[in-house]
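Encoded as structure tokens, the structure appears first; notes follow it.
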């Protein structure tokens, strides 16, 4: 005998699909160890043997199965779930019944068609007969053309006729409609904990005791991963705080790892960089299980730093300079000057040919010249004559360096503008100028000035070597 | 004053590589006081005609050229598929011809929409066509720039030398562009160095891509569309700055202050470029005549031969003597303008059509010519109808005449087109282009995509582009955006809106005009570049028909007209099946049946007079003679409606107001239309009479007020008109009236000759429908899509007129719809058992009469019709999704031997796909082949209900056929191979509603009862009247009607009113919805196929309509065949 629990659709119950499914599975496991997660809202359990628990002596089958159904519904209601429950000799019959009839339904063996026969054929779930979507659609169209409206219409078609026209898929489907399908439940394995949690008796406000707690949880988590021959590439830390808020952090790892010490250091660096606002009352760490990294290094390839060590180093650097200032700079494909972004540092050695950044390619080797960029650019006072700069005075932000003098030679303007569809539209005129240094004894400077055309401000962007 | 001329500009006709129209470029050029400009579009002269015309108006010299893509593989650089763009300027006519031929060579060898790089000329071809052209070394895409990147100075110099070899020393200019770009400047230095070494003149250009700086945004959007990227991800595909606009000579001189010779050379080169499109060198082909004749004498002879036949003074036609004066006048002008060849070539096409039995008729202003009438080009007698020849051809206008020929759409028209190609050669004739521009939803989608909107927002944005013809004044852009949940204050949305407006009307790609053909003496490819059209065997020129006309290229429009095909096919069916010959030229002119049908607005399926608006006018106008049909065709047009001329005309016709004229002198002109100007010719004549205009000047006036109206030109003409009228002593008030009628009318007015040509076709279609309904309906169905109504409505209308319609049947139907004589076996039970069973009983218990039609005595047409000697047999083409080759294969296999079963059909036609068999089975076309059902067969014939019992009733139900189809179309496998199935199918027959749905889904039509008839019982309980009952009701009573919405209209001229046509089993009810009511019931009115309308009956002048007060959707679940909406 099989029971099916169908969680009714109710947007008001506040459960997410995942939460509802977890509750349904938990509920099912309280009645049987043989549970199938059929759909997100449907579970089936094999209740053979439950009569020992739910039936008194000589009680008819229908009575104990109803009693079981009622009990399931009652416990579901206790959990805040509104469910339909059905009990039948065939799991698929139970599924169709639970999805159609409200409350508890018991279908005795042999009464399948009398109870489900008048159901609309549209309710027949093709996936239970393992029919792919395309084929299911084709059969569906045929049934519509044939005027098949109910389960019984289909069930009563001659088997040979169905087999000739719809093939084995059609036969399987017809058996499904007849309540005679044959299949094994695909059982749910009991969940393995890749989430570790601890409720604290006293709130923790310091790093050291937290470190102790984290270490304990991480050890257990890594042991679980190890037991399943898995690693993780993402750690999620959830701290419940004294003020009832939650502090969540996610650490994405470049390669799958399962070293608790590394994890601990990474978490601690992160917490130090982003500390919670109040004391901590509970700690949860979840790991995303993935297959571990398999690597074979070549004999003659220089050894790269171990990913774990590198990750810890990067975390340490991030703590020092800020997370946004660590990584590899990547030039952006735009005319916007000096536009780049920091991407995560990756230790990958590529040997592909012709993948060099076109922007960095030297197009004209004859014009090769180094340029030393000032970041940030120096604000400048520039005098112009007929639009051309003739004198410049500039200094850097902390006034430690300055440039002042007459411009003896200027080339430009070199004009660029872009991102006109965005709020941060930009436009600038650049000039390459030679500034005669007013300090005696110093040579002239070849530098680049630019004028922000929106603000009319001048800057020195850098000097040519 | 600095002399600088921009010699390298691209327009939007470079298709996504330029952002301004040629006119915009010229306008800026004029503002900057530049005396000339050169347009060099990418691989074409698409924009040259418009550029030339715009420049001519302003007095700027328009130099022509193109950027031509050349393969670089034979240069020293051996990299494959490198394509270089070489800017070429035309020096003289030889150069222009070479350029056109070069582009034609390139375009003709690759398919339409070839990818960049596929479309290029070889260096050898370039060398062979270099004469008369000046070559620039190009900007950043040019030959030197590319070489400079790849191989440095030496390679660049060698290529410059190569260009000199090809074009000659004086014809290569080292082009310099300065867009404030370092790389470009580095290249410029190299180019200057090479130029100095090779003694090439320097030439400054700005490589213009748009007229004004602001249009850079459009150029960037186009770049994204071209590269299928978004603005955010386009990166450096976009332009670096906005410097490629038309710069003033002063700005250019400043930019090139260090190289004044580069600026000076622009004027020097401009002065060398003698060619403009004024000097096109187009000649219309001469018609070949025997050595003892000239084209003039030949034309005269042919004209008079025809005139003697046509003007015989019989049946009210004018005498030859009366017509001769007009013919002589026309011939003299034709000879003077040397247009004999044109008339003879059109005559030759007409002769070809006549020889090949292709129906052809000239339309448009050509019908004003007695010569055209005599030559058989047109069918309307301009002498008898006193039509104005100058509307067609005048000396003053200096324009070529335009002859449009209507041909049956489809194969027949294609035959005529191919005849022209054959006769004048592939490069001697071509179709005119149709420039597809950015408009409407597609523009919204493309711009939205470029801005990176998600699909949902894109959908909302594009839905903002209404297809409604009428726009509510309150429907502001802000409101539209707000209604769609979009905030115009949002920067991106605002940007979208700006860009959407900016791309409006910019060219998107080149299409093919539906029928315009240009023909040339000699090679057309030396007049304008040719391209292959998307349709195989077709060639198009790079200009549209307006451009061709403006440049004096004569075109002949070979237009496909669905009704011509219907008339031609109807005549053929009549010939084959009725054994009668219908001569269109000699139809009885005053057929009472035709006028009776017209007066009752019983015109579904008739040409031009079937629309809802026409039908509501017909009972008022009550046509009694042919000229009334001419008026009827012309009156329901925007011109008369906007000019408020419809009601005065109808009131005068009904005697409700007196006939009066703005001035007594106009009586002769306006008498026929009761003092109301309805035709363009009348406007012309009014100007001639009132203001003393000549015919040509009057036509000039019409054009000034026509589609391309400009304020200045209108004012100028109005002054002349008023001066003339004052001279003739016409009062100021009358002058105002006359000017008012001319200005409002000239825009949309219909030429009388055109109306008359259409009226002839309308009359012919009405005659054929009234007298040969079966043939006419069959031909109409065979030529779908066409006309105003869906086939469903046409069938129902025909049935209401008593036509028996037989279903699609693989054992009898041809591919096309055919007609069957009633004598064959449709007269009742017992004549021919097979036929009888098939026609009386469709196997599923439906109540049918003995002809296969459904009995519903209440629903028959209220006016009794003479029984038709023929019934209509639906063809296999009615089955949606059945391929023509499959359908024709069924017919030809059946001709060899009848099919015995569905198995037999499948065995003999394995090419029939399963889905096709299913479709045939679902619409009942396989019923006669299906295995007999095991159930007792019941038939109901008239009042007799009985069992077929022992009769050899082979007819089965659709479900039986569907059951078998599934079996035959599947490999049974070894287990079932030999299994014989007996006793029919276990499936239940389709219900009435299922069959109706299957019919509508499978064919879009049903010969069974109208869907509304199925609801009649419940509708009766709700006191819903039938459409046919409305005419017996009083004006003003409250009434409920219900039906299937077959037409929804919101015409631009109706101030927001919406008109619906609701069809039920008895006919069509017309509904009028006020704008406020429409707003209230918009959802119901737009989305529901079946509606119940409650309102007040309007019954005036035999025109019946219901003014809606309440709208209610009807919950009828059937497959909708769609309605004719919002036109």
Practice task
Name the single residue, out of those in the range B:305-317 being out of contact with any strand residue (DSSP E or B) (no Cβ under 9 Å at 6 or more places or on another chain) and surrounded by 15 or more Cβ atoms within 10 Å (Cβ to Cβ), that is farthest from residue B:383 (Cα to Cα).
Solution key: B:306
Practice task
Would you check which residues across the range B:481-504 are surrounded by fewer than 18 Cβ atoms within 10 Å (Cβ to Cβ) and more than 14 Å from chain A (Cβ to nearest Cβ) and list them?
Solution key: B:482, B:483, B:484, B:485, B:487, B:488, B:501, B:504
Problem - Filtered residues of the range B:250-265 (kept if surrounded by 15 or more Cβ atoms within 10 Å (Cβ to Cβ) and in contact with a helix residue (DSSP H, G or I) (Cβ under 8 Å, 6 or more places away or on another chain)) - result: B:252, B:253, B:256, B:259, B:263
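Return the residue satisfying two criteria in turn: it lies in the range B:240-249 and is within 14 Å of another protein chain (Cβ to nearest Cβ) and touching a helix residue (DSSP H, G or I) at 6+ places or on another chain (Cβ under 6 Å), and of such residues it is nearest to residue B:42 (Cα to Cα).
Of the range B:240-249, the ones within 14 Å of another protein chain (Cβ to nearest Cβ) are B:240-245, B:247.
Filter once more, so that each one left must be touching a helix residue (DSSP H, G or I) at 6+ places or on another chain (Cβ under 6 Å): B:242, B:245.
On the way: B:242: 20, B:245: 17 Å.
Here the residue is B:245.
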Problem - Qualifying strands (runs of 3 or more DSSP E) (wholly inside the range A:403-465; at least 3 residues being at the interface with chain B (Cβ under 10 Å from one of its Cβ atoms), modelled with pLDDT of 90 or more and buried (at least 19 other Cβ atoms within 10 Å of the Cβ)) - result: A:426-437
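Just to confirm my filter: which helices (runs of 4 or more DSSP H) fall fully inside the range B:770-845 and include at least 2 residues that are crowded, with 22+ Cβ neighbours inside 10 Å and at pLDDT below 90? Lay out the reasoning, then the answer.
On the way: elements: B:773-782, B:791-800, B:833-840.
Where helices (runs of 4 or more DSSP H) fall fully within the range B:770-845 and carry at least 2 residues being crowded, with 22+ Cβ neighbours inside 10 Å and at pLDDT below 90, they are B:833-840.
Tell me the residue from B:393, B:407 that is touching a helix residue (DSSP H, G or I) at 6+ places or on another chain (Cβ under 9 Å), surrounded by 18 or more Cβ atoms within 10 Å (Cβ to Cβ) and assigned to a loop (DSSP other than H, G, I, E, B), please.
Values: B:407 fails: assigned to a loop (DSSP other than H, G, I, E, B).
So the residue among B:393, B:407 that is touching a helix residue (DSSP H, G or I) at 6+ places or on another chain (Cβ under 9 Å), surrounded by 18 or more Cβ atoms within 10 Å (Cβ to Cβ) and assigned to a loop (DSSP other than H, G, I, E, B) is B:393.
Conditions tested, residue by residue: (1) part of a helix (DSSP H, G or I); (2) more than 14 Å from chain B (Cβ to nearest Cβ); (3) at pLDDT below 90; (4) at positive phi.
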position: A:276; (1), (2), (3), (4): no, yes, no, no
position: A:283; (1), (2), (3), (4): no, yes, no, no
position: A:297; (1), (2), (3), (4): no, yes, yes, no
position: A:310; (1), (2), (3), (4): yes, yes, yes, no
Problem - For residue B:735: the one exception among (1) on the phi > 0 side of the Ramachandran plot; (2) part of a helix (DSSP H, G or I) - result: (1)
Practice task
Starting from the range B:1016-1039, keep only residues that are more than 19 Å from residue B:1112 (Cα to Cα), then list their pairs with residues that are in a helix (DSSP H, G or I) whose Cβ atoms are within a distance under 9 Å, requiring at least 6 positions of separation or different chains.
Solution key: B:1028/B:800; B:1028/B:859
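Kindly check whether there is at least one residue in the range B:468-491 that is over 27 Å from residue B:215 (Cβ atoms), modelled with pLDDT of 85 or more and touching a strand residue (DSSP E or B) at 6+ places or on another chain (Cβ under 9 Å). Explain how you work it out, then say what you get.
To start, the set of residues in the range B:468-491 that are over 27 Å from residue B:215 (Cβ atoms) comprises B:468-475, B:479, B:482-485.
From what is left, the residues that are modelled with pLDDT of 85 or more are none.
Checking the range B:468-491: not a single residue is over 27 Å from residue B:215 (Cβ atoms), modelled with pLDDT of 85 or more and touching a strand residue (DSSP E or B) at 6+ places or on another chain (Cβ under 9 Å).
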Practice task
Return the only residue of B:1053, B:1006 being outside any helix (DSSP H, G or I), more than 14 Å from every other protein chain (Cβ to nearest Cβ) and over 21 Å from residue B:923 (Cβ atoms).
Solution key: B:1053
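Across the range A:193-206, what is the total count of residues that are without any contact (Cβ under 8 Å) to a residue 40 or more places away in the chain and outside any strand (DSSP E or B)?
Just the residues of the range A:193-206 that are without any contact (Cβ under 8 Å) to a residue 40 or more places away in the chain, to begin with: A:193, A:201-202, A:206.
Cutting the leftovers down to outside any strand (DSSP E or B) gives us A:193, A:206.
Final tally of qualifying residues: 2.
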Handout entry: Residue satisfying all of: in the range B:184-212; within 14 Å of chain A (Cβ to nearest Cβ), without any contact (Cβ under 8 Å) to a residue 40 or more places away in the chain and out of contact with any strand residue (DSSP E or B) (no Cβ under 9 Å at 6 or more places or on another chain); farthest from residue B:94 (Cα to Cα) among these
Key = B:186
Completion exercise
From the option list B:1028, B:1013, B:1042, single residue qualifying as in a strand (DSSP E or B), surrounded by 18 or more Cβ atoms within 10 Å (Cβ to Cβ) and away from chain A (no Cβ under 14 Å) is B:1042
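The values are calculated or read from the model by the stated rules, or taken from the named source; none is laboratory data. Treat the numbers as computed from the prediction; the structure is a model and nothing was measured. Backbone-built Cβ (ideal geometry, glycine too); neighbour counts: all protein chains shown.
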